[in-house]
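The values are calculated or read from the model by the stated rules, or taken from the named source; none is laboratory data. Values in this document were obtained by computation on a predicted structure and should not be read as measured data. Neighbour counts are summed over all protein chains in view; Cβ atoms, including those assigned to glycine, are modelled from backbone coordinates with ideal geometry. Surface accessibility is based on the protein's heavy atoms, side chains included, excluding ligands, DNA and RNA. Shrake-Rupley method; radii C 1.70, N 1.55, O 1.52, S 1.80 Å.
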Amino acid sequence: TDGLNIRAVAAGKQYFGSATDNGELSNSAYLSGLSNTADFGQITPGNSMKWDSIEPSRGSFSYSGGDTIQQLAVKNGQKLRCHTLVWHSQLPNWVSNGGFDNATLISVMKNHITNEMTHYKGKCFHWDVVNEALNEDGTFRSSVFYNTIGPAFIPIAFATAASVDPDAKLYYNDYNTENAGSKSTGAQNIVKLIKQYGAKIDGVGFQSHFIVGSTPSQSAQVSNMNAFVSLGVEVAITELDIRTNTPATSSAVAQQAKDYAATIGACKAVAKCVGVTIWDYTDKYSWIPGVFSGQGSALPWDDNLNKKTDIYNAILNAWGSA
Ligand code: G3I
């Protein structure tokens with residue numbers, strides 16, 4: 001047999017994987033595609049491990065959605081990337097508008113991380129500890145965490161995470177950091193900040209929500225990844241999709257195949273790039289059309305769960321032979 005994950009592993013990577021979400025799992029054709037480990041050696045919950053799902057009210061933890069996906073990974077023999085502990089979005093009102101002072105918000109954040117990571121201890125091989133803390137210009141994004149605690153919320157989150165599950169690889173995850181520039185520099189500064197504080201960070205995730213025709217080149221992605229690797233972290237492509245106007249034209253699809261190959265080729269070329277995750281595998285369940293009207297067609301399987309041969313083969317070939 002052959003597949004996206006088989007080729008990634010043959011290229012020396014730990015996995016090729018996909019995001020998924022609980023509602024989709026009732027579609028049996030979808031579920032069987034997701035569970036095919038020739039293609040997917042890793043899954044990531046798209047929503048059900050976020051703060052609003054896990055701790056919708058203070059001190060009240062609800063793990064059923066996350067557990068379903070964690071148990072599916074075990075059943076399938078897939079790795080699990082856990083996503084995400086501290087993020088300004090999908091954050092319940094009791095946190096974002098709670099009016100907590102510095103010390104209280106630190107304790108709320110530590111309690112959330114400790115409870116969730118204890119629940120999933122030993123089950124998550126990666127954790128996205130902090131997600132999207134930066135503005136486009138590389139400065140810190142305004143959020144309840146930054147505005148109340150300051151930049152220290154990041155190293156505090158990582159130190160807490162490391163103390164709970166020392167075996168999980170701890171990641172900072174963001175978008176528009178896949179190319180050299182202010183935001184990438186900001187993310188490198190976050191790695192340095194965490195280390196200066198004496199806390200542990202193991203990896204940086206590049207979400208890679210790209211657009212057909214303006215995906216960074218393979219060499220640009222490689223040199224950007226290497227700038228992070230030089231700081232002593234591994235890297236991963238964590239949420240890859242490459243969108244276009246719908247319906248996709250044949251020339252857009254031809255360019256999209258090149259853009260996928262550039263990104264896979266970049267991960268292949270960097271020894272410390274451990275794997276690639278696509279942000280779900282079928283257009284049927286992509287987040288894009290709901291957010292970018294008139295755009296989509298971003299994934300290797302179409303709305304009817306049919307494999308797009310051109311895109312699929314471009315990924316296979318970019319990994320190289322099995
Ligand atoms: O669960 C409710 C449902 O009960 C309700 O009927 C429905 C009506 O809108 O909404 C459902 O919640 C939606 C949720 O996805 C589950 O489907 C939210 O509205 C919707 O906003 C949410 O979108 C998610 C988005 O994060 C939120 O920011 C996407 O599925 C998810 O793919 C997306 O993932 C993010 C990563 O976590 C971080 N990087 C960017 C990426 C894409 O935005």
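Some observations on this one:
- Counting only protein heavy atoms and using a 1.4 Å probe, the accessible area of Ser32 comes to about 80 Å².
- Residue-averaged [θ]222 nm for the chain, counting only DSSP H segments that reach four residues, each worth -39500 (n - 2.57): -12000 deg cm²/dmol
- Looking at the chain, the accessible area is 37 square angstrom per residue; that uses a 1.4 Å probe and ignores ligands, DNA and RNA.
- 3J(HN,Hα) couplings calculated from phi for region 250-258 with the Karplus curve 6.51 cos²θ - 1.76 cosθ + 1.60 (θ = phi - 60°) are, in sequence order, 5, 6, 5, 5, 5, 5, 4, 4, 5 Hz; Gly and Pro show x.
- Applying the Karplus relation 6.51 cos²θ - 1.76 cosθ + 1.60 with θ = phi - 60° to region 165-171 yields 3J(HN,Hα) values of 10, x, 8, 6, 7, 9, 10 Hz, where x marks Gly and Pro.
- In this structure, the amide hydrogen of Thr20, modeled 1.01 Å from its nitrogen in the peptide plane, lies closer than 5 angstrom to those of Thr44, Gly46, counting only residues at least 5 positions away or on a different chain.
- Segment Ser64-Tyr197, extension gain: residue separation times 0.36 nm, minus the distance between their alpha carbons: 44.4 nm
- Within region 19-118: Cβ-based charge dipole about Cα centre, in debye rounded to nearest 20 (Lys, Arg +1; Asp, Glu -1): 180 debye
- Length available on full extension from Ser32 to Asn304: 0.36 nm per residue minus the Cα-Cα distance, which gives 96.5 nm.
- In order through region 185-201: 3J(HN,Hα) via Karplus (6.51 cos²θ - 1.76 cosθ + 1.60), integer Hz, x for Gly, Pro: 4, x, 5, 5, 5, 5, 4, 5, 4, 5, 5, 4, 6, x, 9, 9, 10
- Cβ-placed point charges (K, R +1; D, E -1), dipole of the chain about Cα centre in debye, nearest 20: 640 debye
- When you work out D = kT/(6 pi eta Rh) for region 1-61 at 25 °C and 0.890 mPa s, using the Kirkwood radius from C-alpha pairs as Rh and the Stokes-Einstein form, the result is 187 µm²/s.
- Taken over the chain, the alpha-carbon convex hull comes to 121 cubic angstrom per residue.
- In this structure, the pairs whose alpha-carbon distance is over 31 Å, taken from Lys200/Lys308; Lys79/Lys192; Lys195/Lys268; Lys13/Lys308; Lys195/Lys258, are Lys200/Lys308; Lys195/Lys258.
- Where labels lie 7 Å past Cα in the beta-carbon direction, separation of Asp137 and Thr185 in nm: 1.3 nm
- Each listed q (0.17, 0.22, 0.23, 0.24 Å⁻¹) maps to a log10 I(q)/I(0) for region 135-174, found by the Debye formula over equal Cα scatterers with no solvent: -0.54, -0.79, -0.83, -0.87.
- Remark on Tyr15: its backbone amide H falls under 5 Å from those of Val276, a criterion applied only to residues 5 or more positions apart or on other chains, H modelled at 1.01 Å from N.
- For region 112-178 and region 48-73, distance of Cα centres in Å: 17 Å
- Shape parameters for region 238-314, alpha-carbon atoms, Rg then Dmax in Å: 12.4, 37
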